[in-house]
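K.L.:
Here it is, the structure in full.
The values are calculated or read from the model by the stated rules, or taken from the named source; none is laboratory data. As the structure is a computational prediction, the values presented were derived from the model and not from experiment. As a convention, Cβ positions derive from the backbone with ideal geometry for all residues, glycine included, and neighbour counts pool all protein chains shown. Please note that ligands, DNA and RNA were not included when accessible areas were found on the heavy atoms of the full protein model with its side chains. Shrake-Rupley method; radii C 1.70, N 1.55, O 1.52, S 1.80 Å.
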Amino acid sequence: ISDREAIEATLIKIAQNLKANNRDAVYAAIHPKVPSLRGQAESELPQYTFEDCRITQITETKVDAAAKPKTAVTEFYVAAKGSFREGGQSYTGDPRRIVKLHLEQDTDGLWKIVDYSHRAPLEADRN
């Protein structure tokens, strides 16, 4: 299995875990060397209750195989459905997001998240 295939399988598994509201499995996809990122996810994810979450298109995956450990950046479109709270406001809907993940391969060969961002498709790319 190639690095790109392994990364795609990781993304699909994370989306399935989000859809199932299996937050612990999503937190486990975050690299343990970045506890602040896990804290950010633990504060953000409970605001969301998913009915659906799927990747509709992976637009880019760049792997740096020369890095030790290997690193990658991937960007993809996500279609979600559910109820979401933000800033004291709640809404139910089906938002579309562009997600960018920075990944690092751990010692077990698994790809783990070391940074992430998400934005609406019409927002200018801030990264």
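K.L.:
Please work out the average accessible area per residue across the range 54-127, using the 1.4 Å probe convention, and give it in Å².
P.N.:
Working: 4600 Å² over 74 residues.
I get 62 Å² per residue for the range 54-127.
K.L.:
Is there a quick way to get the dipole size of the chain? I mean about its Cα centre, with the Cβ of Lys and Arg at +1 and of Asp and Glu at -1; what is the value in debye to the nearest 20? Before the final figure, lay out the partial values.
P.N.:
Details: 18 positive and 19 negative charges, 16 e Å.
The dipole magnitude comes to about 80 debye.
K.L.:
Within the accessible area of the chain, what % is carbon and sulfur when the probe is 1.4 Å and the other protein chains stay in place?
P.N.:
On the way: 3800 of 7600 Å².
Ligands and nucleic acids excluded, carbon and sulfur reach 50 percent.
K.L.:
Using only protein heavy atoms and a 1.4 Å probe, report how much of residue 23 is accessible, in Å² to the nearest 10.
P.N.:
The value for residue 23 is about 70 Å².
K.L.:
With every protein chain left in place and a probe of 1.4 Å, what is the accessible surface of residue 42, to the nearest 10 Å²?
P.N.:
80
K.L.:
Roughly what angle does helix 35-44 make with the longest principal axis of the chain, taking Cα atoms, 0 to 90 degrees, to the nearest 10?
P.N.:
20
K.L.:
Could you name the lysines in cross-link range of residue 62, using Cα to Cα under 20 Å and dropping any fewer than eight places away on the same chain?
P.N.:
Output for residue 62: 13, 70, 100, 112.
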